[in-house]
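Data first, discussion second: the structure below is written as structure tokens.
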Amino acid sequence: MDSEQKREESIRDKAKQALMLIPNFVKLLYRLVGDTRVLTQEKALLLGTVAYVISPLDLLPDAIPFLGQIDDLLLIALILKRFMNSIDRSILLEYWDGKDDLLLTIDKILEFTRYLLPGGVYNKIVKKAHGKTINIDYEVK
């Protein structure tokens, strides 16, 4: 197996692991909707994201194995990255029940999707969100 094949296998493995977290992400988004500290306009964005994720009809239909869930995962990561910059991080961490650090998980998703998305899509969407710096001044569960 050459280095290119190893890299592709590694990316696929990371994506599969991240896809297993979609239920945790949906629970996190749903819990944030019920939190009184989250603004109403933010809750609308969260509900739209949850609707998109659970809907079988979206940019890449969920009927397409693996790729059908990558767009859902990408949307969740982008929304949570936005929330890391707009609401108190302790609120996000209060509701996160994944075993890995939330911020690191989001960054990993945003990083490996560049190999799974067409370059133009990545540059327009992910790079813009990924370039922002976040002050990591919080305690990890």
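What the table shows:
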item: Failed item in (1) at pLDDT 85 or above; (2) of a type in the set (Lys, Arg); (3) within 15 Å of the chain's Cα centre (by Cα); (4) surrounded by 15 or more Cβ atoms within 10 Å (Cβ to Cβ), with residue 82 passing the rest; result: (4)
item: Filter result for residue 105 (touching a Gly at 6+ places or on another chain (Cβ under 8 Å) and surrounded by 14 or more Cβ atoms within 10 Å (Cβ to Cβ)); result: yes
item: Residues within the range 32-79 that are closer than 14 Å to residue 116 by Cβ, at pLDDT below 90 and not β-branched (Val, Ile, Thr), tallied; result: 12
item: Yes/no for residue 49 being among the hydroxyl-bearing types (Ser, Thr, Tyr) and either touching a His at 6+ places or on another chain (Cβ under 6 Å) or farther than 21 Å from residue 105 by Cα (or both); result: no
item: Positions within the range 1-53 being assigned to a loop (DSSP other than H, G, I, E, B) and either in contact (Cβ under 8 Å) with a residue 60 or more places away in the chain or under 13 Å from the mean Cα position of the chain (by Cα) (or both), in sequence order; result: 20, 21, 35
item: Hits in the range 88-141 (condition: more than 22 Å from residue 35 (Cβ to Cβ), polar (S, T, N, Q) and modelled with pLDDT of 65 or more); result: 113, 123
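The values are calculated or read from the model by the stated rules, or taken from the named source; none is laboratory data. For clarity, every value in this text was computed on a predicted model and none was experimentally measured. Please note: Cβ atoms are built from the backbone with ideal geometry, for glycine as well, and neighbour counts cover all protein chains shown.
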